[in-house]
1. Name the one entry in B:LYS70, B:LYS3 that is in contact (Cβ under 8 Å) with a residue 60 or more places away in the chain, more than 30 Å from A:TYR10 (Cα to Cα) and out of contact with any helix residue (DSSP H, G or I) (no Cβ under 9 Å at 6 or more places or on another chain).
2. Kindly indicate the residue of segment B:22-56 that is of a type in the set (S, T, N, Q) and within 22 Å of B:SER80 (Cα to Cα) and also surrounded by the most Cβ atoms within 10 Å (Cβ to Cβ) among those meeting that condition.
3. Tell me, which residue of segment B:82-113 that is of a type in the set (Ser, Thr, Tyr) and in a strand (DSSP E or B) is modelled with the lowest pLDDT?
4. Give segment A:96-107 a look and list any residue that's facing another protein chain (nearest Cβ under 8 Å) and more than 11 Å from the chain's Cα centre (by Cα), or say none.
5. If you take the residues of segment B:80-114 that are of a type in the set (Phe, Trp, Tyr) and at the interface with chain A (Cβ under 7 Å from one of its Cβ atoms), which of them is nearest to A:SER94 (Cα to Cα)?
6. Only one of A:SER66, A:SER72, A:SER24, A:SER39 is in contact with a Cys (Cβ under 7 Å, 6 or more places away or on another chain), more than 8 Å from every other protein chain (Cβ to nearest Cβ) and among the hydroxyl-bearing types (Ser, Thr, Tyr); which?
7. Against the definition (modelled with pLDDT under 95 and over 29 Å from B:PRO30 (Cα atoms)), how does A:ASN7 come out, yes or no?
8. Give B:ALA93, B:ALA81 a once-over and let me know the one that is buried (at least 19 other Cβ atoms within 10 Å of the Cβ), aliphatic (A, V, I, L, M) and in contact (Cβ under 8 Å) with a residue 40 or more places away in the chain.
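The values are calculated or read from the model by the stated rules, or taken from the named source; none is laboratory data. Because the structure is a prediction, the values reported are computed rather than measured. Positions of Cβ are backbone-derived with ideal geometry, glycine not excepted, and every protein chain shown enters the neighbour counts.
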Amino acid sequence: DAMVIQNPRYQVTQFGKPVTLSCSQTLNHNVMYWYQQKSSQAPKLLFHYYDKDFNNEADTPDNFQSRRPNTSFCFLDIRSPGLGDAAMYLCATSRGLGQKADEAFFGQGTRLTVV
Amino acid sequence: AQKITQTQPGMFVQEKEAVTLDCTYDTSDPSYGLFWYKQPSSGEMIFLIYQGSYDQQNATEGRYSLNFQKARKSANLVISASQLGDSAMYFCAIISGSARQLTFGSGTQLTVLP
């Protein structure tokens, strides 16, 4: 059974039209991460939550926002997608308790296309 | 701030041979963890192996072992007896800090040759 679920798997959005990607988890993990991964590149951390505490990376554009209404769900909002935002978006979770409890579990990703 | 460096963009290995993928890291947090993930062309991120900063012994998981040299801040992945299915992108990652920030290196594309 999938433990980190991302919806949708594929998303096509129009240039400038707001879009929301969702991630849910059944693991009751404390930490939820959002990554952007472009072709043949490393996953780039956009932001993450430790419980309700939001941690934004310094170089994450303001165009990207996130919400975590409860432990199970986390959303990535792109306010005005540009062509450069086309990428795979990966959600991951971790217990965040140190040592092996730090292992991150990944969803299958949402591939975003901007037209 | 934390940083992961993988200096080998691509590696080739003959089937059944062993291969070492390099990873160096930097963090000011004494409590950190190092991971290796495999990402095949399908895109899923597969956990391979973990090494904690306080672990005395090198981690091993089947054909994967981690050569952890704390003083040198290196965490190289060794894959023994390579298989064709090992062809994939391999990422080294570090987690540290009270907020448990997880950062990836740039990756190494491994190709196993028949």
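1. Working: B:LYS70 fails: in contact (Cβ under 8 Å) with a residue 60 or more places away in the chain.
Criteria check complete, one pass: B:LYS3.
2. Looking only at segment B:22-56, we keep the residues that are of a type in the set (S, T, N, Q), and these are B:24, B:27-28, B:31, B:39, B:41-42, B:51, B:53, B:56.
Retained after the next criterion (residues that are within 22 Å of B:SER80 (Cα to Cα)): B:24, B:39, B:41, B:51, B:56.
Numbers: B:THR24: 17, B:GLN39: 21, B:SER41: 8, B:GLN51: 23, B:GLN56: 7.
It comes out as B:GLN51.
3. Filtering segment B:82-113 down to residues of a type in the set (Ser, Thr, Tyr) leaves B:82, B:87, B:90, B:96, B:98, B:103, B:106, B:108, B:111.
From what's left, in a strand (DSSP E or B): B:90, B:96, B:103, B:108, B:111.
Values: B:TYR90: 98, B:SER96: 87, B:THR103: 92, B:THR108: 97, B:THR111: 97.
Filtering first and then ranking leaves B:SER96.
4. Taking segment A:96-107 first, the residues facing another protein chain (nearest Cβ under 8 Å) are A:96, A:98-100, A:102-106.
Matches in segment A:96-107: A:GLY96, A:GLY98, A:GLN99, A:LYS100, A:ASP102, A:GLU103, A:ALA104, A:PHE105.
5. Taking segment B:80-114 first, the residues of a type in the set (Phe, Trp, Tyr) are B:90-91, B:104.
With the extra rule that they be at the interface with chain A (Cβ under 7 Å from one of its Cβ atoms), the set shrinks to B:91, B:104.
Working: B:PHE91: 17, B:PHE104: 15 Å.
That would be B:PHE104.
6. Working: A:SER72 fails: in contact with a Cys (Cβ under 7 Å, 6 or more places away or on another chain); A:SER24 fails: in contact with a Cys (Cβ under 7 Å, 6 or more places away or on another chain); A:SER39 fails: in contact with a Cys (Cβ under 7 Å, 6 or more places away or on another chain).
The conditions single out A:SER66.
7. Numbers: modelled with pLDDT under 95: yes; over 29 Å from B:PRO30 (Cα atoms): yes.
Here the answer is yes, as A:ASN7 does meet what is asked.
8. On the way: B:ALA81 fails: buried (at least 19 other Cβ atoms within 10 Å of the Cβ).
Unique residue meeting the criteria: B:ALA93.
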